[in-house]
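Here is the structure we will look at.
The values are calculated or read from the model by the stated rules, or taken from the named source; none is laboratory data. The structure displayed is predicted, hence computed values, not measured ones. Here the Cβ positions follow ideal geometry from the backbone for every residue, glycine too, while neighbour counts run over all protein chains shown. These accessible areas exclude ligands, DNA and RNA; they are computed on the full protein's heavy atoms, side chains included. Shrake-Rupley method; radii C 1.70, N 1.55, O 1.52, S 1.80 Å.
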Amino acid sequence: MDSQAHLDNVEEDSVGRGRLRGFRRTGLFVLAFSSGFAVLTIEIAGARLIAPIFGLSAVPWTAVIGVILGALALGSHYGGRLADSGRVPLSAILVVAALTAAIPVLGGSVPWLARSAFGFIGGAVVSAVVLFAPSVLCLGAVVPYLVQADTESLGSVGRRAGDVSAMATAGSIAGSFATGFLLLPLLPLPVLLGLTSVSLLLLAVLAGWILGGRVRVGLTGVGAMCVGALAWAASRLPADTLHAEQTLYASVAVTEREWADGQRVRELWQNGGTSSAEYVDSGEPAHDYAVRSLEILDPLLEDLESALVLGGAALTLPVALERRNPELTVDVVEIDPVVTDLARRYFAYGRGAHPRIRVVHEDARVFLREEGRRYDVVYLDVFDHLVTVPWTVITEEALGDMASHLEAGGLFMANVLAPTTGPGAPFLRRLLATVETAFDDVRVYAAQPDADPSAIRNLLVVAATDSGALRALPPSEVDVRGEGRPLTDGWAPVEYLQARIFLGGLRWR
């Protein structure tokens, strides 16, 4: 009986140790998954954080992704050595990750200072290094620690490393989908980043419990509350901002302020660029390009029956067109339904009924492919940020689709931002070379004719498939010709060409 009891005790101890190992492995996987999740949350939310200053073009995304990958590599390199030394517990590294993850909550002025000191591209890189690299550097050390903790023999090290790495990658995948599709539209950015910091503090407690390394729970709780309070305070809107949020497509805001002419203007901002502006009292367009567009179209407005506007923003231009010709039917393609809701709540579009304005929430290329209707005017007004136009809407194929949706004698118009001379001018010349593949007659007008041609300014490209359609319009004001290979869906180095504008310095007008 004594021998049997001893065997039973041994078996119970073995089962108990097996359960403990199972619980421990589960905890290790939770740490791996959560660290991967946090990295992608910081990356995606971080890119949105600097979007009002640098936008979401290839330049800031390249800076953010490159810096985060570099931080992960360094974190993994040094994390493996720290794990082998045994001097620094993982819980301490996660506490540092949590504290540094709160830097973006407090460092809202960093991107502005970096851009002023280092320029557009250098500023984006420096912003990413200061705001995001410290926390991601710490998170890069997590996997080496967990691989070491999960490895019981050299014969299982490959399998254990693969399991931990796979779990961390799974967390990154989940973090990308959850952050992009759910958390960004749901939470203000400071709150989201603050919650990430708090979550890392909780992971530090879990790591201390599983792997050792004392973490004071009470002090951690106080730290979490402090981070939460800072995040809440940082999410409060500036005095001139009526609304701000993150959507699936952009960082958007509505502001109201007094312009230099003494009139109050309400603006819609998308990724740091002002996409619509109208005078509060009258609801009339305040942007020079919109006013100039109406002047150019004025000789033809009475005869127009239909217009297609690609890129609606706050619908300021469609409303202005409707006011000047109440019989005009205007179809507007705006990809972001939140922006249309803001137009209804804060701008002239919401002040009355507009039965002849139809808003379609769709990508412009998809709409052009599916819509069979033809229009008297197709107006392209789509931007990613500041001067950057999405390459998908200015290729030979896209412009051909737009031309095919014009009635006989119809006009194509596009609002672009570019210099006409200097290092940034090749973008405009390549764009015009592409426009000329779809239209026989092309003209360029300046919204600010007296502006410095080497500075960035609004330019209105007007074109027609019928060379006689532009006779009623004033002659072209800007002497610039298409040059170079047309942009196509297969090869459209638009972001490279626009980067040359940034490299030349963002001088306006």
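Within region 148-173, the residues that satisfy the criterion of being surrounded by 17 or more Cβ atoms within 10 Å (Cβ to Cβ) and without any contact (Cβ under 8 Å) to a residue 40 or more places away in the chain are Arg160, Ala161.
If you take the residues of region 199-209 that are hydrophobic (A, V, I, L, M, F, W, C) and open to solvent by 30 Å² or more (accessible area, probe 1.4 Å), which of them is farthest from Val39 (Cα to Cα)?
Ranking the candidates gives Trp209 first.
Only a single criterion out of (1) among the aliphatic types (A, V, I, L, M); (2) open to solvent by less than 70 Å² (accessible area, probe 1.4 Å); (3) part of a helix (DSSP H, G or I); (4) at pLDDT below 90 is not satisfied by Ala32, namely (4). When Ala114, Ala149, Ala98, Ala124 are screened for being of a type in the set (A, V, I, L, M), in a helix (DSSP H, G or I), out of contact with any Phe, Trp or Tyr (no Cβ under 8 Å at 6 or more places or on another chain) and more than 24 Å from Asp84 (Cα to Cα), only Ala114 passes.
Annotation: of all residues in region 436-462 being out of contact with any strand residue (DSSP E or B) (no Cβ under 6 Å at 6 or more places or on another chain) and acidic (Asp, Glu), the one that is nearest to Met402 (Cα to Cα) is Asp440. When region 429-449 is examined, which residues are found to be among the hydrophobic types (A, V, I, L, M, F, W, C), closer than 20 Å to Asp466 by Cα, open to solvent by 10 Å² or more (accessible area, probe 1.4 Å) and not in a helix (DSSP H, G or I)? Val442, the sole residue that qualifies.
Being under 22 Å from Leu321 (Cβ atoms) and of a type in the set (D, E, K, R) is a description that applies to Asp336. I'd like to check something: does region 421-428 contain any residue that is under 21 Å from Ala492 (Cα atoms), open to solvent by less than 20 Å² (accessible area, probe 1.4 Å), touching a strand residue (DSSP E or B) at 6+ places or on another chain (Cβ under 6 Å) and modelled with pLDDT of 95 or more? The answer is no; no qualifying residue exists.
Say we look at region 108-130 and pick out the residues that are farther than 19 Å from Ala58 by Cα and not β-branched (Val, Ile, Thr); which of these is surrounded by the fewest Cβ atoms within 10 Å (Cβ to Cβ)? Among them, the one singled out is Ser109. Taking the conditions (1) under 32 Å from the mean Cα position of the chain (by Cα); (2) crowded, with 18+ Cβ neighbours inside 10 Å in turn, Leu470 satisfies each one other than (1). Annotation: Asn415 fulfils all but one of (1) modelled with pLDDT of 85 or more; (2) more than 21 Å from Trp391 (Cα to Cα); the unmet one is (2). Scanning region 79-95 for residues that are in a helix (DSSP H, G or I) and either surrounded by fewer than 16 Cβ atoms within 10 Å (Cβ to Cβ) or free of Cβ contacts under 8 Å to residues at least 40 places away in the same chain (or both) gives Arg81, Asp84, Ser85. Applying the criterion of being of a type in the set (Asp, Glu) and over 23 Å from Arg323 (Cα atoms) to the residues of region 257-275, the residue that is most open to solvent (accessible area, probe 1.4 Å) is Glu258.
Tell me yes or no: at least one residue of region 411-418 is closer than 19 Å to Leu294 by Cα, more than 28 Å from the chain's Cα centre (by Cα), part of a strand (DSSP E or B) and not aromatic (Phe, Trp, Tyr). Yes, some residue in region 411-418 is closer than 19 Å to Leu294 by Cα, more than 28 Å from the chain's Cα centre (by Cα), part of a strand (DSSP E or B) and not aromatic (Phe, Trp, Tyr). Output yes when any residue across region 43-63 is modelled with pLDDT of 60 or more, farther than 24 Å from Gln246 by Cα and surrounded by 11 or more Cβ atoms within 10 Å (Cβ to Cβ), and no when none is. No, region 43-63 contains no residue that is modelled with pLDDT of 60 or more, farther than 24 Å from Gln246 by Cα and surrounded by 11 or more Cβ atoms within 10 Å (Cβ to Cβ).
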